[in-house]
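Below you'll find the structure, written out as structure tokens, and then a few comments.
The values are calculated or read from the model by the stated rules, or taken from the named source; none is laboratory data. Remember, predicted model here, so these are calculated numbers, not experimental data. With ideal geometry, Cβ positions are generated from the backbone for all residues, glycine too; neighbour counts draw on all protein chains shown.
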Amino acid sequence: MSKKIIFVGPSGAGKTTLRKLFFEGENSTKLLEYALEPTYGEESLIIRLPALKEEIGIFDLAGQENERWLNTEANSVFYETKVIIVVIDVSASLEDIINFVIRIIEIRNKLTPEAKIYVLLHKIDLITQKRINDLNDGIKYKFPSEKLIKFLFTSLKKKYLTRTLSYFIEIMKSCFIDETSEEALMFNVIDESVKLIQSIDEQIIISREKLFEKLNRPPKLVNYLIKSLVLKGHLKIENSKNQELISLTEKGQDYFKDLLKTFSNASINIIQSNLDEIIPPFIGAFIADKDGRTFLKIELFDDALEKFLVSEVSKDPNFIPVDLDLIPMFISALEKFSVELNIQDLSGFGLKGSNLGMHILTYENFTITFFMNPNVNIDPVINKIDNFFKNLFEENKEEFEHSLATGQIDGLFPLMKSGQIWLKDLNATYNDMIIKLEIYDLENAQQLYNDLDDLFNRVDNNYSIILERIKKLKINLMKAILENDFEELKKIAQITQNLSAKFL
């Protein structure tokens with residue numbers, strides 16, 4: 001199935017430069033040095049991803065023709081778009097930024113309501129951190145609850161290039177997410193179900209159409225949740241005057257109010273971390289029973305989980321401090337919802353936030369919430385992780401059984417030290433495998449992109465064939481990242497090493 005991405009924004013904002021860098025393999029330094037000719041009309045290209053059986057059409061709309069794109073029949077170009085990338089020069093006034101984004105939202109809602117909007121406030125190397133903070137505050141105030149839209153600060157300068165690349169990987173991968181796929185539903189099931197049930201509970205009884213309007217979510221997703229919850233006896237539907245009226249059953253009121261009262265938006269959105277932190281491959285884990293009670297916390301170093309989980313969100317003045325022990329309760333609730341909605345066994349399912357990843361392992365009496373860098377390739381070491389926890393439970397069977405029976409966890413505390421030693425060894429093993437090119441992950445793939453960009457600068461223009469090969473490698477690298485093709489990443493890394501040695 002083909003997917004469609006549109007670049008749109010004021011003239012000179014950097015749309016074509018970003019397109020050429022990430023989709024055509026051009027060099028960032030050259031793009032910054034030489035001004036590009038303005039785009040006229042629309043320019044397009046197709047990215048083919050054979051492993052995913054996907055094609056992505058990239059459309060770059062000329063900025064000087066925005067009135068035509070937004071106010072005439074030419075706006076048909078937005079039909080069936082999966083992602084709209086809005087590129088705006090960050091030096092524009094807040095008012096101009098807001099007004100342009102509002103126009104894009106109106107077009108999206110009218111022509112392609114399920115499309116995601118990514119607003120790239122570009123060229124942040126030209127402004128101060130205070131200006132960035134002020135823009136951030138103004139945007140949050142103007143768009144406090146706008147759905148399917150995300151604001152990102154970008155630049156092609158070396159300091160920001162890796163971060164900007166990571167944003168484009170996120171944008172490209174969002175093309176493949178079906179809001180009603182099993183994985184997407186599992187990831188969002190708590191958040192979406194909470195909103196749906198709270199909306200029904202607030203109104204006591206609500207029509208299906210009004211619920212769609214209130215939630216502003218894809219109808220297919222809402223219908224799926226409604227159907228599943230009706231089948232489980234938590235919701236009931238009655239017909240009145242050609243309308244379907246939805247309300248909570250007594251069973252639904254008791255079950256959901258008891259289960260969800262613990263969870264606020266703060267707890268659901270806690271999985272954050274500081275963008276500028278160097279995040280180690282594996283950070284730590286919670287061991288909890290099936291009711292979400294934490295029995296043991298294993299960390300790479302003291303307070304590692306708190307450092308990486310809370311450091312970013314705690315800077316928000318509206319942030320409500322959340323006990324980290326709520327996270328296993330969150331996972332427990334997620335497990336229960338997965339059973340209620342007949343989705344899948346949670347074991348092995350990975351939840352990934354923008355800056356931190358989780359991998360869930362389930363055992364007979366316990367659930368492990370394992371935290372890691374979101375770019376880690378966990379597959380080569382997952383058996384090592386699984387075996388560690390199996391042995392931990394087997395070798396300390398009496399202590400764990402005693403804790404389950406009595407709720408006392410003092411006897412498990414000595415395991416924290418041995419767990420810390422194991423995590424350090426796991427990280428060392430993983431990093432050694434990366435160095436030897438035995439495995440590759442997305443963290444190193446992003447650095448590899450920088451290496452190829454630097455290599456382009458070192459190669460003399462007389463070697464035009466080599467320069468074209470480097471551009472091709474960059475394009476293939478983007479494809480390999482999107483397809484999670486780690487074998488291809490290793491090949492590209494080896495070729496890059498060989499070329500780098502030749503052009504030292």
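Odds and ends about this structure:
- Single residue of the stretch 79-96 satisfying the filter (aliphatic (A, V, I, L, M) and within 24 Å of the chain's Cα centre (by Cα)) that is farthest from Asn216 (Cα to Cα): Val90
- The residues of the stretch 292-317 that are at pLDDT below 85 and of a type in the set (Asp, Glu), listed by number, are Glu306, Glu312, Asp316.
- Filter result for Tyr118 (loosely packed, with under 15 Cβ neighbours inside 10 Å and closer than 14 Å to Phe7 by Cα): no
- Only a single criterion out of (1) surrounded by fewer than 16 Cβ atoms within 10 Å (Cβ to Cβ); (2) in contact with a Gly (Cβ under 8 Å, 6 or more places away or on another chain) is not satisfied by Ile470, namely (1).
- Inter-residue pairs, beta-carbon under 8 Å, first modelled with pLDDT under 85 and in the stretch 62-77, second in a helix (DSSP H, G or I), 6+ apart: Gly63/Lys15
- Number of positions in the stretch 234-291 that are modelled with pLDDT of 50 or more, assigned to a loop (DSSP other than H, G, I, E, B) and touching a strand residue (DSSP E or B) at 6+ places or on another chain (Cβ under 9 Å): 6
- Pair list, Cβ under 6 Å, 6 or more apart: the stretch 195-224 residue assigned by TED's automatic domain parsing to the domain that holds Gln243 and outside any helix (DSSP H, G or I), other residue at pLDDT 80 or above and surrounded by 14 or more Cβ atoms within 10 Å (Cβ to Cβ): Ile205/Leu245; Ile205/Ser247; Ile206/Ile200; Ile206/Ile246; Ser207/Leu245; Pro218/Glu114
- The set of residues in the stretch 97-135 being aliphatic (A, V, I, L, M), part of a helix (DSSP H, G or I) and farther than 30 Å from Lys159 by Cβ consists of Ile102, Ile105, Ile107, Leu111.
- Residues of the stretch 77-92 that are outside any strand (DSSP E or B) and farther than 21 Å from Lys147 by Cβ: Val77, Val90, Ser91, Ala92.
- Qualifying residue in the stretch 178-201 (condition: loosely packed, with under 15 Cβ neighbours inside 10 Å, at pLDDT 85 or above and not β-branched (Val, Ile, Thr)): no
- Residue among Val90, Val101, Val77 that is under 30 Å from Asp451 (Cα atoms) and surrounded by 13 or more Cβ atoms within 10 Å (Cβ to Cβ): Val90
- The condition of being at pLDDT 90 or above and touching a Leu at 6+ places or on another chain (Cβ under 8 Å) holds for only one of Asp425, Asp386, that being Asp386.
- Residue within the stretch 27-43 that is without any contact (Cβ under 8 Å) to a residue 60 or more places away in the chain, farther than 25 Å from Leu448 by Cβ and either in the same structural domain as Met478 (by TED's automatic domain parsing) or surrounded by 19 or more Cβ atoms within 10 Å (Cβ to Cβ) (or both) present: no
- Residues of the stretch 428-453 classified as at pLDDT 85 or above, closer than 16 Å to Glu487 by Cα and among the aliphatic types (A, V, I, L, M), total: 4
- Cross-chain or 6+ apart pairs with Cβ under 8 Å, the stretch 452-470 first and assigned by TED's automatic domain parsing to the domain that holds Leu489 and within 18 Å of Lys20 (Cα to Cα), then small (Gly, Ala, Ser) and crowded, with 18+ Cβ neighbours inside 10 Å: Asp453/Ser28; Ile470/Gly25
- Being in contact with a Cys (Cβ under 9 Å, 6 or more places away or on another chain), surrounded by 14 or more Cβ atoms within 10 Å (Cβ to Cβ) and touching a residue at least 12 places away in the same chain (Cβ under 8 Å) is a property that holds for Ile56.
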